[in-house]
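Okay, structure first, notes after.
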Amino acid sequence: MTSRISQYTLQLVAIALFTVSCSRQEKSEEAIVKVNQDGLPIMTPMHDEMPSLDKNYLADKKFGISMFFDKLWSEKNDNVAFLVAKNGHIIYENYMGFANKRTGEMITKDMPLHIASVSKVLTATAVLMLIDADKIKLDQKVNTIIENFPYPDVTIQTLLNHRSGMRNYAYFTFEKGNWDKHKTLTNEDIVTVMVDKKIGLETKTDTHFSYCNTNYAMLALIIEKVTGMTYPNAMKAMIFEPLGMANTFVFEIEKDRDIIAPSYKGNNMEIGIDYLDGIYGDKNIYSTPRDLLKFDKARYAPFFLNKELLKKVYKGYSYESKGTRNYGLGVRMIEWEKGEPFFFHNGWWHGNTSSFINLRKEKVTMIVLSNKYTKKTYQTKRLASLFGDYPFKLNDDDE
């Protein structure tokens, strides 16, 4: 009898130890991101330096990149902030043109420019950190967070991967008198218009990919609801300040309209602010290539995201149509039959264009920002062929 009790006790102890072990393992996988004293997840800088670059390698790549830059950005009136780095080490950077023609300010390494839809990469990162910290769930319904949100099947994931089926707020607020264009539209206003004007879905949720800025405007609202902070303050506390991104901020019209670098059409005509410039999450972050490099480098840090969640970021979700282009969780990708996938995000808003390229296998970062409209920004992808097996032609003149 005693031996049976002892054996039973040992079994219970073993089960308890196994359960504790599993729960600890599960917790470590689910809560990798660091949190501050207020329970807010914060990005951690990469404290351990990545391998340095060999002098011959550095000279070779710098020569190739500089030749590419000089050929592409050859016009005297080009506006550009340009940086290429590997392992977090800058190989080549160049800054030229006007940040503000009226004041004569030039673009420098410290001059923040509007990064347009590259803002989505940072918004997605903040949301993923909240998921990692178990503040929200990837498959959580949006209507459990945003009051009166009218689409019951939309989840955080379908916002992140552009499969919600929602319509673009820039279109439905413009048509049929749905919004007074003399009033600045806010993220909360988008929800109000969707409800009051009974804006329907464009497609059934999670059946098609449709790139839509409304998705990321809603993600910014989710960040606000979950953190209890405004999106600008939450992004500052979670990402910008911890990483030392001193020249990065979320644009707020009343506070920042007189200090920002304006944007220009291709003919150098300045583009003013309109009623859509109060929306953030999908756009409206100002930054520099050097600050964005700090951000990209931190995404290799051990306390960024747990491995399972990180895998979900860099996988495609839309295969209903044949093709190589896809979208993960806040990242565009090209998936070829052979070779490494190509991860990037481009942006365009008013005259601002941007390109953020992350060759994860090679740990290469390419960042290009311009506040004067041009398609040259998007040609930076051709440089990928200098670093890996990517089917881009470095000297292809076609845009």
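The values are calculated or read from the model by the stated rules, or taken from the named source; none is laboratory data. Predicted, not measured: the structure shown is a model, and the values here were computed from it. Methodologically, a virtual Cβ is constructed for each residue, glycine included, from the backbone with ideal geometry; neighbour enumeration extends over all protein chains shown.
Does D110 satisfy being of a type in the set (D, E, K, R), touching a helix residue (DSSP H, G or I) at 6+ places or on another chain (Cβ under 7 Å) and either closer than 26 Å to T248 by Cβ or modelled with pLDDT of 95 or more (or both)?
Details: of a type in the set (D, E, K, R): yes; touching a helix residue (DSSP H, G or I) at 6+ places or on another chain (Cβ under 7 Å): no; either closer than 26 Å to T248 by Cβ or modelled with pLDDT of 95 or more (or both): yes.
Judged against the criteria, D110 is not a match.
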What is the residue count in region 254-275 for residues that are in contact with a Phe, Trp or Tyr (Cβ under 8 Å, 6 or more places away or on another chain), of a type outside the set (G, A, S) and either touching a residue at least 60 places away in the same chain (Cβ under 8 Å) or buried (at least 23 other Cβ atoms within 10 Å of the Cβ) (or both)?
6
Can you pull out every residue in region 316-334 that is surrounded by 15 or more Cβ atoms within 10 Å (Cβ to Cβ) and within 21 Å of L138 (Cβ to Cβ)?
G316, Y317, S318, N326, Y327, G328, L329, G330, V331, R332, M333
Regarding region 211-231, can at least one residue be identified that is surrounded by fewer than 20 Cβ atoms within 10 Å (Cβ to Cβ), within 21 Å of L276 (Cα to Cα) and in contact with a His (Cβ under 6 Å, 6 or more places away or on another chain)?
yes
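For N178, are the conditions met, namely being surrounded by fewer than 18 Cβ atoms within 10 Å (Cβ to Cβ), within 21 Å of D277 (Cβ to Cβ) and not charged (D, E, K, R)? Give the derivation first.
Numbers: surrounded by fewer than 18 Cβ atoms within 10 Å (Cβ to Cβ): yes; within 21 Å of D277 (Cβ to Cβ): yes; not charged (D, E, K, R): yes.
It is true that N178 is surrounded by fewer than 18 Cβ atoms within 10 Å (Cβ to Cβ), within 21 Å of D277 (Cβ to Cβ) and not charged (D, E, K, R).
Select from region 44-73 the residues that are charged (D, E, K, R) and either assigned to a helix (DSSP H, G or I) or in contact with a Pro (Cβ under 6 Å, 6 or more places away or on another chain) (or both) and list them in ascending order.
Of region 44-73, the ones charged (D, E, K, R) are 48-49, 54-55, 60-62, 70-71.
K55, D60, K61, K62, D70, K71 - these are the residues of region 44-73 that are charged (D, E, K, R) and either assigned to a helix (DSSP H, G or I) or in contact with a Pro (Cβ under 6 Å, 6 or more places away or on another chain) (or both).
A quick yes/no check of all residues on (1) part of a helix (DSSP H, G or I); (2) touching a helix residue (DSSP H, G or I) at 6+ places or on another chain (Cβ under 6 Å); (3) surrounded by fewer than 23 Cβ atoms within 10 Å (Cβ to Cβ):
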{"position": "L128", "(1), (2), (3)": "yes, no, no"}
{"position": "I131", "(1), (2), (3)": "yes, no, no"}
{"position": "N143", "(1), (2), (3)": "yes, no, yes"}
{"position": "I146", "(1), (2), (3)": "no, yes, yes"}
{"position": "D153", "(1), (2), (3)": "no, no, yes"}
{"position": "R163", "(1), (2), (3)": "no, no, no"}
